[in-house]
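K.L.:
Here's a structure for you.
The values are calculated or read from the model by the stated rules, or taken from the named source; none is laboratory data. Keep in mind the model is a prediction, meaning the values are calculated, not measured. Cβ placement follows ideal geometry from the backbone for every residue including glycine, while neighbour counts extend to all protein chains displayed.
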Amino acid sequence: MNFFQNMISSIVKRTLRLDTLGLKDFGVLHKDLNKATESVMSTTGEVSSLVYSEHLLDMIENQNDDDLLEFLRNLVINYDVDTDILIKDTKSYAGEKNQKNYKKMTQSSEPRWLELFKRLNATSDGTSRLVKLRERMGVLRKDNLEIEALDAGLLDLFKYWFNPSFLVLEKIDWSTPANVLEKIIAYEAVHEINSWDDLRARLAPNDRQCFAFFHPLIPEEPLIFVEVALCNSIPSSIQEVIKIERDEINAEEANTAVFYSISNCQNGLSGISFGNFLIKKVAHKLKMEMPKLDVFVTLSPIPGFMSWLENKAPMSYERCIDGIDIEEDLMKKAITYLTESDREDKKPNDAVARFHLGNGAILQQINLNADLSKKGKDQSNGLMANYLYDLDVVEKNHELFFKTKIVQISDEIKSLKKKYS
């Protein structure tokens, strides 16, 4: 961690040195967005580029949504690919395949606004600020498809900048700085954390752990985190996992690691899957530290089940909301929902199922009355699922799933399918 901290310190010091430079030495800092953009794009000096870019990024962040949208539209119009030049450079490369022609062709094939994003990224805290910018763009592009290309281009850059090899895995516990703990509370997306006592119950006991990915350039912002319960059996109820008052077990004697909550933290990084890498990395880390762990399983929500039931099996849905006891029928429909697909791509109906099965897990178990919170009842009438990560075959299952789209299921689920068929 000392190396990591030294690297951050070096970046901060570099930024501070830039701040001490006299901005007047670099010409006019335009108050007009379009002129300020052209200053960034036309400068050739490294330091002047940073100064102009910092100024432009400050201006962009201060725009209201309407003005920001207009700015983004202008980027698409004024800094897009020049197709005439691209055609010319492509013909040159086709006629003579050398390094010079290849470089010209690749440069002309990229929109110039992509270079703008790269220059903005080099500024003070530029990476974090661009993530926030894309978060705003995500809201704006819903009704303005003309900026979709900008969003896609920025996402492609993020996939390079947030490559898993750059990410740092950190354990989050009760000694973690308060500013990070506050973000864990705020970003928890699966099972709400309602108080500091609630958070303490998830972080302080030895049989409860939490891990997060960080990026060196935004060290105080978790990208994604997973909460883990160490148990002696596979749990069938989230109430037992997250309740504040419970009997703690000896973590060293636990044989089961339960991933019960995975939360993405940065909306501006949507489209980048950190979760599959995080789960496998944490599972291997825990296995090394606690050799007695031999079961790695989730306790997962089934968020789309009730919506699917309303559309595909309205009679069952009506019986559910009327409170009639139809547990067997509910289980039958849940198995159909999780193991058969109504989608054109033939992937599982449920988003959480697509995630875990795509990672190489298998559908191990479906649990009735597993989440009795309002959210749990609204999403799935209280049902939750366990997905098993067998570390010996997880990569094989991953490859098989993407080739066949077949849902890998446990013997228990196979027996239930046979029973209900």
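K.L.:
Here is a list of conditions, (1) surrounded by fewer than 20 Cβ atoms within 10 Å (Cβ to Cβ); (2) more than 21 Å from the chain's Cα centre (by Cα), and Leu309 meets all of them except one; can you say which number that is?
P.N.:
Of everything listed in (1) surrounded by fewer than 20 Cβ atoms within 10 Å (Cβ to Cβ); (2) more than 21 Å from the chain's Cα centre (by Cα), Leu309 misses just condition (1).
K.L.:
Could you pull out the residue among Leu400, Leu363 that is in contact with a strand residue (DSSP E or B) (Cβ under 8 Å, 6 or more places away or on another chain), assigned by TED's automatic domain parsing to the domain that holds Pro303 and within 30 Å of Gly271 (Cβ to Cβ)?
P.N.:
None of the other options fit; the residue is Leu363.
K.L.:
Here is a follow-up. Can you tell me which residues in the stretch 59-84 are part of a helix (DSSP H, G or I) and either of a type in the set (Gly, Ala, Ser) or more than 15 Å from Arg136 (Cβ to Cβ) (or both)?
P.N.:
Asn74, Val76, Ile77, Asn78, Thr83, Asp84
K.L.:
Kindly establish whether Pro222 is more than 22 Å from the chain's Cα centre (by Cα) and not in a strand (DSSP E or B).
P.N.:
So Pro222 fails the test.
K.L.:
Moving to a separate point now. Given the criterion free of Cβ contacts under 8 Å to residues at least 24 places away in the same chain and buried (at least 16 other Cβ atoms within 10 Å of the Cβ), identify the matching residue among Asn101, Asn121, Asn163, Asn194.
P.N.:
Asn101
K.L.:
For the stretch 268-277, does any single residue satisfy the condition of being small (Gly, Ala, Ser), at pLDDT 95 or above, within 28 Å of Ile409 (Cβ to Cβ) and touching a strand residue (DSSP E or B) at 6+ places or on another chain (Cβ under 7 Å)?
P.N.:
No: zero hits.
K.L.:
Pick out the one residue from Glu227, Glu248, Glu240 that is part of a strand (DSSP E or B), in the same structural domain as Tyr387 (by TED's automatic domain parsing) and not hydrophobic (A, V, I, L, M, F, W, C).
P.N.:
That would be Glu227, the only listed residue that is part of a strand (DSSP E or B), in the same structural domain as Tyr387 (by TED's automatic domain parsing) and not hydrophobic (A, V, I, L, M, F, W, C).
K.L.:
Continuing with this model, one more query. Any idea which residue in the stretch 271-290 is surrounded by the most Cβ atoms within 10 Å (Cβ to Cβ), counting only those that are touching a Leu at 6+ places or on another chain (Cβ under 8 Å) and outside any helix (DSSP H, G or I)?
P.N.:
If we take residues in the stretch 271-290 being touching a Leu at 6+ places or on another chain (Cβ under 8 Å) and outside any helix (DSSP H, G or I), then Phe274 is surrounded by the most Cβ atoms within 10 Å (Cβ to Cβ).
K.L.:
On to the next question. Can you name the residue in the stretch 291-302 that is part of a loop (DSSP other than H, G, I, E, B) and aliphatic (A, V, I, L, M) and, of all such residues, is farthest from the chain's Cα centre (by Cα)?
P.N.:
In this case the residue turns out to be Leu293.
K.L.:
Yes or no: Glu148 free of Cβ contacts under 8 Å to residues at least 24 places away in the same chain, acidic (Asp, Glu) and in a helix (DSSP H, G or I)?
P.N.:
For Glu148, the condition - free of Cβ contacts under 8 Å to residues at least 24 places away in the same chain, acidic (Asp, Glu) and in a helix (DSSP H, G or I) - is met.
K.L.:
Moving on. Among the helices (runs of 4 or more DSSP H) contained in the stretch 313-421, which hold 1 or more residues that are surrounded by fewer than 20 Cβ atoms within 10 Å (Cβ to Cβ) and within 22 Å of the chain's Cα centre (by Cα)?
P.N.:
Because the criterion is at least 1 residues that are surrounded by fewer than 20 Cβ atoms within 10 Å (Cβ to Cβ) and within 22 Å of the chain's Cα centre (by Cα), the helices (runs of 4 or more DSSP H) in the stretch 313-421 that meet it are 351-358, 374-380, 394-404.
K.L.:
Would you be able to say whether some residue in the stretch 192-213 is over 11 Å from Ile172 (Cα atoms), within 16 Å of the chain's Cα centre (by Cα) and β-branched (Val, Ile, Thr)?
P.N.:
No; the residues of the stretch 192-213 include none that is over 11 Å from Ile172 (Cα atoms), within 16 Å of the chain's Cα centre (by Cα) and β-branched (Val, Ile, Thr).
K.L.:
Could you figure out which of (1) of a type outside the set (Asp, Glu); (2) modelled with pLDDT under 95; (3) touching a His at 6+ places or on another chain (Cβ under 9 Å) isn't true of Leu363?
P.N.:
Unmet condition: (2).
K.L.:
Would you call Tyr93 among the hydroxyl-bearing types (Ser, Thr, Tyr), over 19 Å from Glu148 (Cα atoms) and in contact (Cβ under 8 Å) with a residue 12 or more places away in the chain?
P.N.:
The answer is yes for Tyr93.
K.L.:
In addition: Of everything in the stretch 39-89 that's loosely packed, with under 13 Cβ neighbours inside 10 Å and not acidic (Asp, Glu), which residue is farthest from the chain's Cα centre (by Cα)?
P.N.:
Across the stretch 39-89, the extreme among qualifying residues is Ile87.
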